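Just below is one structure, and these are the notes that go with it.
Values quoted throughout were computed directly from the atomic coordinates according to the rules given, and no laboratory measurement underlies them. A quick note: this is a predicted structure, and the numbers were derived from the prediction, not measured. Backbone-built Cβ (ideal geometry, glycine too); neighbour counts: all protein chains shown.
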Amino acid sequence: MLKRRIIPFLLIDKNYDCIKTSNFQDRKYIGDIFNNIRIFNEKGVDEIVVLDIDATENNQKPNFKLIEKIASVCRMPITYGGGVLNVEVAKRIIGFGVEKICLNSAALNDINLVKDISREIGSQSLSISINIMKSERGFNIVNNKKILVDINLNDYIKKIQKNGAGEIILSSVKEDGSMNGYDLDILENCLKFIKVPSILLGGCSGYNDIKKLFSCYQSIAAGASSIFIFKGKLKAVLISYPSDNERDEIIYNL
């Protein structure tokens, strides 16, 4: 059985500020990226995902100095995404000690990029994130601006795996920042097509949601952001993560 993973996601914008979105909008500043990572270090997180959500859309190259410093500060495995548009960039970032590269829009725009990067750095080091929006017709792929992409979701899942994706992140646009609970219908729709380790992201309201996810889907990791960043009804910024005892309760008392 795959290790049960509980994974914080951190977003950075074009100014390299650490932010949190809601429904892929309504950006809120949540502090310095390095300070947040250092706190997660102290809390012994399983791994962390850092995504530059503006780089690809603005046709910007990754900030290599920033990524190198992030990798040097991190004491846990790190996945980085944003602005990775060719193999050379992916190799350079992996060279900093980053464990995995994450592609989103770049993979939608060029499926051959998935194949080329996977061939160069290994499928175990390549994660593909998919933005998923529910409609009356089912589940659809959208880009980071919530514009519908004319690609069938399940066909795309099969295609990226065929081309070397080693991990898939299923990100619910509607539930982003909602803290209303995971949209498990996404998994019901996609799971029979997924053959690689995967992460569900969007909507987690607390540890009970993670426990429910693990009890229903043994191969899916729990991605979350708001529950690790905000505290209380006013959503004050306070970095947190399950203690060892809380992790045991989540993972072993299903």
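Of all DSSP beta bridges located in the range 1-140, what percent are antiparallel, nearest 5?
Values: 8 of 22 bridges.
Of all bridge pairs located within the range 1-140, approximately 35 percent are antiparallel.
I'd like the distance separating the alpha-carbon centroids of the range 74-153 and the range 1-55, in whole Å.
So the separation of the two Cα centres works out to 16 Å.
At each listed q (0.20, 0.23 Å⁻¹), what is the log10 of I(q)/I(0) that the Debye formula gives for the range 134-175 modelled as equal alpha-carbon point scatterers?
-0.69, -0.88
Among the listed pairs Lys69/Lys195; Lys14/Lys69; Lys43/Lys69; Lys14/Lys100, which are separated by more than 25 Å between their Cα atoms? All intermediate terms of the calculation are to be shown ahead of the outcome.
On the way: Lys69/Lys195 33 Å; Lys14/Lys69 17 Å; Lys43/Lys69 20 Å; Lys14/Lys100 21 Å.
Exceeds cut-off: Lys69/Lys195.
With Kirkwood's inverse mean 1/r over C-alpha pairs for Rh, give me the Rg to Rh ratio of the range 167-254, two decimals please.
On the way: Rg = 13.1 Å, Rh = 13.5 Å.
Here the Rg-to-Rh quotient is 0.97.
Report the semi-axes of the equivalent ellipsoid for the chain in whole Å, largest first, where each axis is √(5λ) for an eigenvalue λ of the Cα gyration tensor.
Values: eigenvalues 117, 99, 67 Å².
Taking √(5λ) for each eigenvalue gives 24, 22, 18 Å, largest first.
Under a cut-off of 15 Å between alpha-carbon atoms, report the aspartates and glutamates in cross-link reach of Lys212, not counting same-chain residues fewer than 8 places apart.
Asp183, Asp185, Glu188, Glu246, Asp248, Glu249
Quick one: Karplus J couplings for the range 168-185, per residue in order, coefficients 6.51, -1.76, 1.60, θ = phi - 60°, nearest Hz, x for Gly and Pro?
10, 9, 9, 10, 7, 5, 4, 8, 4, x, 6, 6, 9, x, 5, 8, 6, 4
Could you give the dipole magnitude of the chain about its Cα centre, charging the beta-carbon of Lys and Arg +1 and that of Asp and Glu -1, in debye to the nearest 20?
Working: 34 positive and 30 negative charges, 17 e Å.
Computed about the Cα centre, the dipole is about 80 debye.
Near Asp185, within a Cβ-to-Cβ distance under 12 Å, what is the net charge of the other residues, with Lys and Arg +1 and Asp and Glu -1? Before the final figure, lay out each step's value.
Working: positive: Lys134, Lys174; negative: Glu175, Asp183, Glu188.
Once all neighbours under 12 Å are counted, the net charge is -1.
List the residues whose amide H sits under 5 Å from the amide H of Ala224, counting only those 5 or more places along or on another chain, with H placed 1.01 Å from N in the peptide plane.
Ile7, Phe9
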